[in-house]
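In what follows, a structure is listed as structure tokens, so that the remarks can point back to it.
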Amino acid sequence: MKYFIIALFILSLLAVCLLSLNYLWAWFPVDYSQVAKIAFSALIILLGITGLAMIFSGASGKNPNHPNVGKR
């Protein structure tokens, strides 16, 4: 599951970057109508959600190199 979240984060980041650069430099024609704006917003929301999921899963994870010293 961790690698799926990371892959989803990277793919959404690449998609947002590609669409942003295409909007600036017009590499290929895209009709930025309401549907494209909604899809772009969904990609940004997906980017935020997966980023937060990576942060919280890393914070709640247990490091196997640190043993539980003094706990029985």
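For the structure I just gave you, tell me whether residue 69 is in a loop (DSSP other than H, G, I, E, B) and among the aliphatic types (A, V, I, L, M). Show your work before the answer.
Working: in a loop (DSSP other than H, G, I, E, B): yes; among the aliphatic types (A, V, I, L, M): yes.
So residue 69 passes the test.
Quick check on region 26-41: of everything there that is part of a helix (DSSP H, G or I) and hydrophobic (A, V, I, L, M, F, W, C), which residue is least open to solvent (accessible area, probe 1.4 Å)?
The extreme case among them is 36.
When region 42-72 is examined, which residues are found to be within 18 Å of residue 1 (Cβ to Cβ), open to solvent by 90 Å² or more (accessible area, probe 1.4 Å) and of a type in the set (S, T, N, Q)?
60
May I ask you to list the residues in region 5-18 that are touching a residue at least 24 places away in the same chain (Cβ under 8 Å), farther than 11 Å from residue 44 by Cα and open to solvent by less than 50 Å² (accessible area, probe 1.4 Å)?
If the condition is that a residue be touching a residue at least 24 places away in the same chain (Cβ under 8 Å), farther than 11 Å from residue 44 by Cα and open to solvent by less than 50 Å² (accessible area, probe 1.4 Å), then 5 is the only one that fits.
Taking the condition among the small types (Gly, Ala, Ser) and more than 11 Å from the chain's Cα centre (by Cα), does residue 7 pass?
No; evaluated as a whole, the condition is false for this residue.
What pairs can you find where one residue is in region 29-47 and in contact (Cβ under 8 Å) with a residue 24 or more places away in the chain, the other is of a type in the set (Ser, Thr, Tyr) and open to solvent by 100 Å² or more (accessible area, probe 1.4 Å), and their Cβ atoms are less than 9 Å apart, with a gap of 6+ or different chains?
What qualifies is 40/23.
From the set of residues in region 28-71 that are among the charged types (D, E, K, R) and within 23 Å of the chain's Cα centre (by Cα), which is farthest from residue 12 (Cα to Cα)?
Among residues in region 28-71 that are among the charged types (D, E, K, R) and within 23 Å of the chain's Cα centre (by Cα), the one farthest from residue 12 (Cα to Cα) is 62.
The values are calculated or read from the model by the stated rules, or taken from the named source; none is laboratory data. Just so we're clear, the structure is a prediction, and the values are computed from it rather than from any experiment. For neighbour counting, all protein chains shown are included, and Cβ atoms are generated from backbone atoms with ideal geometry for every residue, glycine included. Ligands, DNA and RNA are stripped out before the accessible areas are found, and what is left, the full protein with its side chains, is counted by its heavy atoms. Shrake-Rupley method; radii C 1.70, N 1.55, O 1.52, S 1.80 Å.
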